[in-house]
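Report on the structure given below.
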Amino acid sequence: MEKSIKTFSGSLLLAIFMMVASAATAQTTMDEFMSKWQNSKQFTIDVLNKMPDSGMDYKTDPAAMSFKEQIHHIGNAIVGISQGFLKGGDPGFTIDLATASKADLAAYVAKCYDYGTATMKALSDADAAESMDVFGNTVTRRQVMALLMDHSTHHRGSAIAYLRVQGAEPPAFVGF
C-alpha cells in the first residue's frame, strides 16, 4: 500500500510539473509578441491599400461600419485601450476620417500601431503583470495586449471580407 501511495504521489507531482512547465513554455515573450504586432501593423496597412478608392465607404449593411471605419476603428482602439489600460499618454495625433485620404488613413494607422508599440514596451514586468478591471473582467495588462491583437485581427478580418465583396484580392496572410 505504501509503495502504491509513493508511486501515485510521484506520478501526481510529475504530472503537475509537466503541466506547469508546458504552460510556462507556451507563453509568448515580449519580443515574440512585438514581432507579431509589427506583422499585424503591416498586414492592416496592406489590407487598406488593397481597397480601391471607390470601396472605402462600402458597408455590408447600413448599420455596419464602412471599410474605412473598420480600419480607423483598429487604430482608435489601439490608442484608446493603450491610454486607458496600458499607461499610455497623449499620442499627439488625430485624424479627421471624413476628409482623410487612403494615404492619410494608412499613416494614421501606422502611428497608432507605433504608439501601441511604445506604450507596451514602456511597461515594466510588474506593470504588465498587474491585474485590473477591464470591461468587467479582472485581467493583467499582458492580457490587454493580447486583446488588442485579437481586436485588430477581428476587424481586419471584416475588412478582408469587404475587399472580397468589392472584387479586390486581399494580401497574402503572413503568420510570422
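The values are calculated or read from the model by the stated rules, or taken from the named source; none is laboratory data. Everything numeric here is computed off the predicted structure, so don't read it as measured data. Every residue, glycine among them, receives a Cβ derived from its backbone with ideal geometry; neighbour counts consider all protein chains shown.
The single condition among (1) in a helix (DSSP H, G or I); (2) farther than 27 Å from A161 by Cα that V139 does not meet is (1). Of the residues making up the stretch 126-134, one or more are in contact with a strand residue (DSSP E or B) (Cβ under 8 Å, 6 or more places away or on another chain), surrounded by fewer than 17 Cβ atoms within 10 Å (Cβ to Cβ), at pLDDT 95 or above and in a loop (DSSP other than H, G, I, E, B). The listed residues are T117, T138, T94, T99, and the only one of them that is closer than 17 Å to Q38 by Cβ and among the polar types (S, T, N, Q) turns out to be T117. Pairing each residue of the stretch 77-101 that is within 25 Å of F67 (Cβ to Cβ) and in contact (Cβ under 8 Å) with a residue 12 or more places away in the chain with any residue that is of a type outside the set (D, E, K, R) and in a loop (DSSP other than H, G, I, E, B), provided the two are 6+ apart or on different chains, yields C-beta distances under 7 Å for V79/P91; S82/G88. The number of residues in the stretch 147-166 being under 18 Å from P52 (Cα atoms) and either among the polar types (S, T, N, Q) or free of Cβ contacts under 8 Å to residues at least 24 places away in the same chain (or both) comes to 4. From the list D104, D57, D46, the lone residue that is in a loop (DSSP other than H, G, I, E, B) and at pLDDT 95 or above is D57. In this structure, is L97 closer than 22 Å to F43 by Cα, out of contact with any Ser or Thr (no Cβ under 9 Å at 6 or more places or on another chain), at pLDDT 95 or above and part of a loop (DSSP other than H, G, I, E, B)? Spelling it out, L97 is indeed closer than 22 Å to F43 by Cα, out of contact with any Ser or Thr (no Cβ under 9 Å at 6 or more places or on another chain), at pLDDT 95 or above and part of a loop (DSSP other than H, G, I, E, B). Going residue by residue through the stretch 142-164, is there one that turns out to be in a loop (DSSP other than H, G, I, E, B) and within 22 Å of Q38 (Cα to Cα)? The answer is no; no qualifying residue exists.
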